[in-house]
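Only one structure is covered here, and it is reproduced in the block below.
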Protein chains: 2
Amino acid sequence: MVEAFDPGNFAVNVFIYIVMSKGIPNPEKDFSGWYKQVVTRAELADYGPVKGTMVIRPYGFQLWENIKNIFDHMIKESGHTNAYFPLLIPKSFFAQEAKHIEGFAKECAVVTHTRLKADEEKGIIVDPESRLEEELIIRPTSETVVWSMYKKWIQSYRDLPILINQWVNVVRWEMRTRLFLRTTEFLWQEGHTAHATEEEAQKETLDILELYRQLAEDYLAIPVFTGLKTESEKFAGAEKTYCIEAMMRDKRALQAGTSHNLGQNFAKAFGVTFQTEHNQEEFVWATSWGVSTRLIGAVILAHGDKKGLRIPPRIAPVQVVIVPIIRDNDQRSDVQKYLEPIINGFAETGVRYHIDWTDNSPGFKFNEWEMKGVPLRMEVGPRDMAEGNVILARRDMDKKISFSCENVNEKIPTILEKIQQSLYAQALAFRNENIHTTNSYDELKQIINEGGFVRCGWDGLDKTETAVKEETKATIRCIPFDEQPKDLTCVYSGKPAKHEVIYAKAY
Amino acid sequence: MVEAFDPGNFAVNVFIYIVMSKGIPNPEKDFSGWYKQVVTRAELADYGPVKGTMVIRPYGFQLWENIKNIFDHMIKESGHTNAYFPLLIPKSFFAQEAKHIEGFAKECAVVTHTRLKADEEKGIIVDPESRLEEELIIRPTSETVVWSMYKKWIQSYRDLPILINQWVNVVRWEMRTRLFLRTTEFLWQEGHTAHATEEEAQKETLDILELYRQLAEDYLAIPVFTGLKTESEKFAGAEKTYCIEAMMRDKRALQAGTSHNLGQNFAKAFGVTFQTEHNQEEFVWATSWGVSTRLIGAVILAHGDKKGLRIPPRIAPVQVVIVPIIRDNDQRSDVQKYLEPIINGFAETGVRYHIDWTDNSPGFKFNEWEMKGVPLRMEVGPRDMAEGNVILARRDMDKKISFSCENVNEKIPTILEKIQQSLYAQALAFRNENIHTTNSYDELKQIINEGGFVRCGWDGLDKTETAVKEETKATIRCIPFDEQPKDLTCVYSGKPAKHEVIYAKAY
């Protein structure tokens, strides 16, 4: 259960020092090793003591807070409110919806006892007398507990819609874990809405998907495909699952958010009916939707390069890092004075900045802040001051430019916005280069093997999807909204296509 | 495990309807019944399906968000950052600090298995083959997991201080629960700091207590005593526990926040040492501190009256509720037009408002929003419009005043501020009336019995504290910072007082 790693161990520390000083793996050659190093060396996260759990460190958590605040604002603007539902769900509740329990049964953390006690031989043990009558499940998602409450709260159409969201932790017992991408516990928001009509629920499902698209594209600078999941890939208990799918730098897909139309499934499982305006009794219509700390993984994997992270300015914890180039305390106070009007300007424009006054060398600092993905670096040394300039280095390109100190405050918000756009443009160009249309299964296999997305026809059959998955490890990521299945044939069976789909290997 | 209450049951619904329409219990006669009714009828919270758990409904959660945002801002301003540590703690970690495990062993939710499976006879059961090698504890507090990580992160004095906080859920298996005041799961913030010196840790402990005092007094409008806990009341694993203690309307005490100087206890338990500037190896000094959703209970119990909640404006989800007095749709559009400049003004001044356009009668609406504790009600009807006025009713007093529409935008922030001050002044006056100094144990018994705080001498002995507790149910709430023990004698033993203390019955 507990990791073998022991930081007190001298040999381990020496080993770590050597690895650290040697830089990170080349992402072109070892993307997975690169990812692991970047996450820990940028101090985004660390492994927790229990296998598969994650500690989100302050720098990673600030990134999460920025993403969270943006989406929280979006959903509040569109009439949703936050609430809190309990962590622990009775086993019987959880088993109420057949597909739901089927989907989650194999990854449930189960609470069975409520006390520890001292045992003379074995030390601290679980008190067998504290065994619960009914076991409790730590929520892997909250549909069941939410709908058990909605049963209490909904009587008539006047009580609808209910538009509730919660920002919480959930636990899914995963065997193979990776920080941010797949962890036993993760943080997310889960929206749970209740509606009087099917149309309204469907509209909500798609409205939220559109917010997810905006969050991904306009803030995380990650272009996404929006579309419908196939039956085999949809959420356990949903009628329809819609998703945003992004391409990472290794050309694999990452599902970055899902929005589910749950139909009346959970209302039926929990007996939630309402009186309509015409005095009929009907089951309530439902949606649920979520994005998680996985989004941080998406940012790392979509924008990172050989120097480390590249964080889009709109979500960056630090937008501008200032590195003073100084030799002594006199120079330090000169730089401080010189920076004063710039800092004051940041306070006005709301630019998030950090001044690195540590004793490390400028080169060390450059590397460290590049690793941390800060969008813009400002260098200020004696020569710059003499000339009335500062030097700005953009993280999205390999270029330093000297700017007059006078108008730097005016320029920086514009430059940050340009970096935001440039990161998006780079990710979009990369995706466009690596998505291919084809009619040939051989070609599909080759593309999937070499890395990339394939857009092609699908006959709509489960068995086709399964066969392709078994033979290539690629799955149907989505049926994109802009599909044009007419005149296409299924890439596998050669039959007329029912849908145009996107195949890719996925995280 | 699951509550017997069934909202689908007709008889229960009729019963609830009758209770609701009859109003709430008189707080002077049945404070506990009053509390329960107010919490549920103001839609702050509801019981969850698992005994002792709580659903925080949107109105209650908005209140929590406001409190959270204020304190989050305070700690960030003072150099702290947020992070996230895992929910699940290995049993062996948890048992590492002897006093700590002693304090929490009897209220631990224990995870033992990680899968469910279908059983032909019994339905869904816990898969016995998924039993964990080492059981996991759901965090009741996170010192142990935090210090297991600090061991990784701290090597030298350059790594210190660490000033981390997290906003999370915790679980403590309580037998007797009450919404917000004592629930099996609750939300809180827990700060965990690491320092190079004892002095710095002690300063941090007291600095945070001062922030708690400000939060309680300046925002929640609740006057608090600040002081030190006795040995028997301190946190399990702390050297010293400081607290803020408030008086509720039933004259009982409520501990509203605690700040602990943990000395080197957790550093020793987890072997966390650091290299000092002078190349010595020393154990790290620690603090931890927390406030929880219990603060919402404090707001209810400190300010509520027979009509329901009274929420201080600075934390109120709705600061101004507007009740239009209209008969038909024509009047509705008149009122809408009339309100427009006022609403625009609110957007500018940031006043949080709500317009109640429901079909309910004005009387019903008045009651409902008084129950929900909205500080200020604005009434607008045809006569007010004809006169160019609006009517304002303050929740903190029984008075309606007509204001000219012209300057109402200017006035309202000032009125809200006056309500804030008046709620504080009322709570302070109430506390002053109900705190007594005495030298006589008989008098102490009488005061405690009738309700109130007693300020008196204490000989500093455990057994005295225990005896008073057994005989009167009152505990020493704190040794207040402004104690003047000189010339006092112990109210119980008659010996010279070591401290001046505050005795009270507590929540």
(request) For residues that are among the basic types (Lys, Arg) and within 7 Å of another protein chain (Cβ to nearest Cβ), scanning just segment A:85-108, find the one that is nearest to residue A:266 (Cα to Cα). (result) A:91
(request) Can you work out which of the residues in segment A:413-437 that are among the β-branched types (Val, Ile, Thr) and crowded, with 17+ Cβ neighbours inside 10 Å is nearest to residue A:252 (Cα to Cα)? (result) A:435
(message) I need the full set of residues from segment A:369-402 which are free of Cβ contacts under 8 Å to residues at least 12 places away in the same chain and under 29 Å from the mean Cα position of the chain (by Cα), in order please.
(response) A:398
(request) May I ask you to list the residues in segment B:179-229 that are β-branched (Val, Ile, Thr) and within 16 Å of the chain's Cα centre (by Cα)? (result) B:183, B:184, B:208, B:222, B:224, B:226
(message) Can you pull out every residue in segment A:144-157 that is facing another protein chain (nearest Cβ under 10 Å) and of a type in the set (A, V, I, L, M, F, W, C)?
(response) A:145, A:146, A:149, A:153, A:154
(message) From the list B:129, B:121, exactly one residue is of a type outside the set (S, T, N, Q), surrounded by fewer than 17 Cβ atoms within 10 Å (Cβ to Cβ) and at pLDDT 95 or above. Which is it?
(response) B:129
(message) Between B:410, B:450, which is modelled with pLDDT under 95 and surrounded by fewer than 19 Cβ atoms within 10 Å (Cβ to Cβ)?
(response) B:410
(message) Could you tell me how many of the residues in segment B:79-109 are farther than 22 Å from residue A:117 by Cβ and assigned to a strand (DSSP E or B)?
(response) 3
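Is it true that residue A:62 is under 17 Å from the mean Cα position of the chain (by Cα) and at pLDDT 95 or above?
Yes: the conditions hold for residue A:62.
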(request) Filter segment A:347-374 for residues that are within 24 Å of residue A:34 (Cα to Cα) and among the acidic types (Asp, Glu) and give the result. (result) A:368, A:370
(message) Tell me yes or no: at least one residue of segment A:414-435 is at pLDDT 95 or above and outside any helix (DSSP H, G or I).
(response) yes
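The rows are residues; the columns are (1) surrounded by 13 or more Cβ atoms within 10 Å (Cβ to Cβ); (2) under 18 Å from residue B:417 (Cβ atoms); (3) among the small types (Gly, Ala, Ser); (4) assigned by TED's automatic domain parsing to the domain that holds residue B:61.
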position	(1), (2), (3), (4)
B:317	yes, yes, no, no
B:320	yes, yes, no, no
B:328	no, no, no, no
B:334	yes, no, no, no
B:352	yes, yes, no, no
B:362	yes, no, no, no
B:371	yes, no, no, no
B:387	no, no, no, no
B:395	yes, yes, no, no
(message) Within segment B:473-492, does at least one residue satisfy the condition of being crowded, with 20+ Cβ neighbours inside 10 Å, small (Gly, Ala, Ser) and over 17 Å from residue B:447 (Cβ atoms)?
(response) no
(message) Quick check on segment B:317-334. Is at least one of its residues in contact with a strand residue (DSSP E or B) (Cβ under 9 Å, 6 or more places away or on another chain) and under 30 Å from residue B:506 (Cα atoms)?
(response) yes
(message) Against the condition modelled with pLDDT under 95, within 23 Å of the chain's Cα centre (by Cα) and under 22 Å from residue B:302 (Cβ atoms), how does residue B:43 come out, does it pass?
(response) no
(message) Between B:471, B:417, B:410, which is of a type in the set (Asp, Glu), closer than 19 Å to residue B:232 by Cα, outside the structural domain of residue B:225 (by TED's automatic domain parsing) and in contact with a helix residue (DSSP H, G or I) (Cβ under 9 Å, 6 or more places away or on another chain)?
(response) B:471
(request) Among residues belonging to segment A:236-295 that are hydroxyl-bearing (Ser, Thr, Tyr) and over 23 Å from residue A:224 (Cα atoms), point out the one that is surrounded by the most Cβ atoms within 10 Å (Cβ to Cβ). (result) A:273
(request) From the list A:43, A:65, pick out the single residue that is within 13 Å of chain B (Cβ to nearest Cβ), in a helix (DSSP H, G or I) and acidic (Asp, Glu). (result) A:65
(message) Can you pull out every residue in segment A:482-507 that is among the hydroxyl-bearing types (Ser, Thr, Tyr) and either touching a helix residue (DSSP H, G or I) at 6+ places or on another chain (Cβ under 8 Å) or not assigned by TED's automatic domain parsing to the domain that holds residue A:447 (or both)?
(response) A:492, A:493, A:503, A:507
(message) Which residue is modelled with the highest pLDDT, if the candidates are limited to segment B:88-106 and must be surrounded by fewer than 17 Cβ atoms within 10 Å (Cβ to Cβ) and within 21 Å of residue B:185 (Cα to Cα)?
(response) B:106
(message) Out of everything in segment A:109-143 that is in contact (Cβ under 8 Å) with a residue 40 or more places away in the chain, facing chain B (nearest Cβ under 10 Å) and not charged (D, E, K, R), what residue ends up being farthest from residue A:175 (Cα to Cα)?
(response) A:136
(request) Just one of (1) surrounded by 16 or more Cβ atoms within 10 Å (Cβ to Cβ); (2) small (Gly, Ala, Ser); (3) in a helix (DSSP H, G or I) trips up residue A:467, so point out which. (result) (1)
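The values are calculated or read from the model by the stated rules, or taken from the named source; none is laboratory data. Being a predicted model, the structure only gives us computed values, none of them experimental. Here Cβ is always computed from backbone atoms with ideal geometry, including for glycine, and neighbour counts include all displayed protein chains.
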